[in-house]
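**Student:** Attaching a single structure in structure tokens format; questions to follow.
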Amino acid sequence: MLKKSFLAVLILMVLTACGNKDEKMSDEEREKVIDDGTVGFEMTGGNVEKADNVPDAEEKAILASFDEYITALNAEEIDRYMETISKNPKGFNYDEEKVYAAEVFEQFDIKREVENVTIAKFEPEKEAQVFANMKMHSLQLETEVEHESAGRQVTVFVKEDGDWKVTSVFYIGDDSQSSTGN
């Protein structure tokens, strides 16, 4: 039962990364995403530098969109969460994400804490990449198994109908800061 619970918690990382649980990205696809500039900087290593070309108004709008994305996830409000997501995302399927997120919200209580939120890449009217250190605290409701994890996340936003929406998410976990208990 613990293995099943632990596996379920690991699957939660997919939700955090807005991943499609039915499709795995091949090495070639991942390389293409990186080559195409979807993540425009290294997620591992030291500090992430702030993009210096972000106008103040856009910075406020992008960071407000990121805050709403995290707040909606923490509140486990499916419609609110889906309002933060692009209708045409690159990293997952919109309709499948809604179904999957609803299932996860029903089975888990997850809270995310973010630090060092930084707009690391910005292309005007096109794309913004928001880096954050993230800690997640999750409780599987049926078994009451708790899981703590931490990692680095890049949330990629696109401008859609004048608003910044999540189009893909990349997450690298830090196993040294993860634990499962009851």
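**Student:** Past 25 Å, Cα to Cα, is the threshold; run 60/135; 50/165; 50/98; 60/98; 87/126 against it and keep the listed order.
**Tutor:** Violating the 25 Å limit, Cα to Cα: 50/98; 60/98.
**Student:** Then there's this: Report the Cα centroid-to-centroid distance between the stretch 93-125 and the stretch 132-182 in angstrom, as an integer.
**Tutor:** Here the two parts' Cα centres lie 7 Å apart.
**Student:** Using a 1.4 Å probe on the protein chains only, how many percent of the accessible area of the stretch 56-182 belongs to carbon and sulfur?
**Tutor:** In the stretch 56-182, the share of accessible area belonging to carbon and sulfur is 44 percent.
**Student:** So what is the diffusion coefficient of the stretch 105-182 in µm² per second by Stokes-Einstein at 4 °C and 1.567 mPa s, using a Kirkwood Rh over Cα pairs?
**Tutor:** The estimated diffusion coefficient comes to 93 µm²/s.
**Student:** Contour minus end-to-end for residue 160 and residue 144, with contour as 0.36 nm per residue of separation and end-to-end as the Cα-Cα distance?
**Tutor:** Contour length minus the Cα-Cα distance gives 1.9 nm.
**Student:** On to the next question. Rounded to the nearest 20 debye, what is the charge dipole size of the stretch 45-156 about its Cα centre when +1 sits on each Lys and Arg Cβ and -1 on each Asp and Glu Cβ?
**Tutor:** About 420 debye.
**Student:** To the nearest 20 Debye, how big is the dipole of the stretch 75-131 about its Cα centre, given +1 on the beta carbon of each Lys and Arg and -1 on that of each Asp and Glu?
**Tutor:** With only Lys, Arg, Asp and Glu charged at Cβ, the dipole is about 280 debye.
**Student:** Further question: Tell me which trypsin sites (Lys or Arg not before Pro) from the stretch 108-182 have a DSSP coil assignment and no more than 14 other beta carbons within 10 Å of their own.
**Tutor:** Passing sites in the stretch 108-182 are 126.
**Student:** What FRET efficiency, computed as 1/(1 + (r/R0)^6) with R0 = 35 Å and r the Cβ-Cβ distance, is obtained for residue 60 and residue 106, rounded to the nearest 0.05?
**Tutor:** So, using R0 = 35 Å, E works out to roughly 0.55.
The values are calculated or read from the model by the stated rules, or taken from the named source; none is laboratory data. Please read these numbers as outputs of a predicted model, since none were measured by experiment. All Cβ positions, even for glycine, are placed from backbone atoms using ideal geometry, and neighbour counts span all protein chains on display. Areas reflect the complete protein model, heavy atoms only, side chains present, ligands, DNA and RNA absent. Shrake-Rupley method; radii C 1.70, N 1.55, O 1.52, S 1.80 Å.
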